[in-house]
Amino acid sequence: MTTRPLIYAANWKMNHGPEAAREFIERFIALTAPAAGRSLWFFPPAVSLAPVSHAARTRADILTGAQNVHWEPKGAYTGEVSIPMVQQAGAKTALVGHSERRHLFGETDDQVARKTAALLKAGLVPLVCVGETLAEREGGRTEHVIVRQLEPLLDKVPAAEWARLVIAYEPVWAIGTGRNATPDDAAQVHELIRFAVGRCGVPGRIPILYGGSVNAGNVLGLLARPELDGVLVGGASLDADGWAELVGLG
Ligand code: PEP
């Protein structure tokens, strides 16, 4: 369908412990073969990262990542996971600023920027999530919110390093609600993000994924838009057979 590289990212949230995660990835690997220009990223819970990375070690098209990291490499931060720890568990990427982290756990734009800078320094790819709430969209504040979320990042991450960063546009009102943004809605905000970072001197075209109630029925319509470089998926990535089918559609 498309010749540009595409990323299919699976965010398992608080699902699939170590045993279930290993079984999932073994089945998924049996159901899929590497495809040119397609990368498959998995974000299991922290305790399942090592078994998933190990089971996927023979598949260069599969990358594993953490759902969250702390910006400090070690210390008295009960309950947190450091970047060196997730690297030891095989992570090559990490989600930063997922809306559930921002809205349920109070993660700030500044913390998102600190985590992003620390990941880049360690050589991991940050997948930074941005997105507006329904009230913000309906109040005409989408652009304002996205730019506000990007500003500390633009401050802390030198323009040249943005080449190693991926953004996910995830409107909060579309996550886990069954109500996805239309391809036009998504494309419009992707363009807005590219314009905002380009204006601040970031060179080139940064990859941007769309996330929010993506499923097998709407993924092709979304990926038909060249502004999208892939999808970040929660609910529809939780079943190995269904996820294998979805990533095979494009
Ligand atoms: C997500 O968790 O990033 C997400 C987009 O979830 P869902 O696909 O379930 O809306």
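Can you tell which of 37, 17 is within 20 Å of residue 68 (Cα to Cα) and away from the ligand (no atom under 16 Å from the Cβ)?
17
Here are 21, 10: which of them is surrounded by 17 or more Cβ atoms within 10 Å (Cβ to Cβ) and under 18 Å from the mean Cα position of the chain (by Cα)?
When all the criteria are applied, what remains is 10.
If you take the residues of the range 119-174 that are in contact with a Gly (Cβ under 6 Å, 6 or more places away or on another chain) and in a loop (DSSP other than H, G, I, E, B), which of them is farthest from the ligand (Cβ to nearest atom)?
Applying the filter and picking the extreme gives 171.
Of the conditions (1) near the ligand (Cβ under 10 Å from one of its atoms); (2) surrounded by 20 or more Cβ atoms within 10 Å (Cβ to Cβ), residue 177 fails just one. Which one is it?
(2) is the only condition that residue 177 fails.
Would you point out the residue of the range 126-136, among those that are in contact (Cβ under 8 Å) with a residue 60 or more places away in the chain and in contact with a Leu (Cβ under 8 Å, 6 or more places away or on another chain), that is surrounded by the most Cβ atoms within 10 Å (Cβ to Cβ)?
It comes out as 127.
Can you name the residue in the range 196-250 that is under 21 Å from residue 154 (Cβ atoms), of a type in the set (Gly, Ala, Ser) and in a loop (DSSP other than H, G, I, E, B) and is also nearest to the ligand (Cβ to nearest atom) among such residues?
Of everything passing the filter in the range 196-250, 204 is nearest to the ligand (Cβ to nearest atom).
I want to confirm something. Restricting to the range 82-122 and keeping residues that are of a type in the set (Val, Ile, Thr) and open to solvent by less than 20 Å² (accessible area, probe 1.4 Å), which single residue is farthest from residue 148 (Cα to Cα)?
So the residue we want is 86.
For every residue, the table says whether it meets (1) of a type in the set (A, V, I, L, M); (2) at pLDDT below 95.
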| residue | (1), (2) |
| --- | --- |
| 104 | yes, no |
| 120 | yes, no |
| 124 | yes, no |
| 163 | yes, yes |
| 175 | yes, yes |
| 181 | yes, yes |
| 184 | no, no |
| 187 | yes, no |
| 197 | yes, yes |
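Which condition number does residue 152 fail, the rest of (1) at pLDDT below 95; (2) within 18 Å of residue 7 (Cβ to Cβ); (3) more than 15 Å from the chain's Cα centre (by Cα) being met?
Condition not satisfied by residue 152: (2).
So which of 13, 74 is modelled with pLDDT of 95 or more, part of a loop (DSSP other than H, G, I, E, B) and closer than 28 Å to residue 221 by Cβ?
None of the other options fit; the residue is 13.
Return the total of residues in the range 107-125 being under 17 Å from residue 168 (Cβ atoms) and without any contact (Cβ under 8 Å) to a residue 24 or more places away in the chain.
Going through the range 107-125 one residue at a time, the tally reaches 1.
Please specify each residue of the range 26-38 satisfying the condition of being free of Cβ contacts under 8 Å to residues at least 40 places away in the same chain and crowded, with 17+ Cβ neighbours inside 10 Å.
Of everything in the range 26-38, just one residue is free of Cβ contacts under 8 Å to residues at least 40 places away in the same chain and crowded, with 17+ Cβ neighbours inside 10 Å, namely 29.
The values are calculated or read from the model by the stated rules, or taken from the named source; none is laboratory data. All figures in this text were calculated on a predicted structure; none of them were measured in a lab. All Cβ positions, even for glycine, are placed from backbone atoms using ideal geometry, and neighbour counts span all protein chains on display. When the accessible area is computed, the model is the full protein with side chains, heavy atoms only, and any ligands, DNA or RNA have been set aside. Shrake-Rupley method; radii C 1.70, N 1.55, O 1.52, S 1.80 Å.
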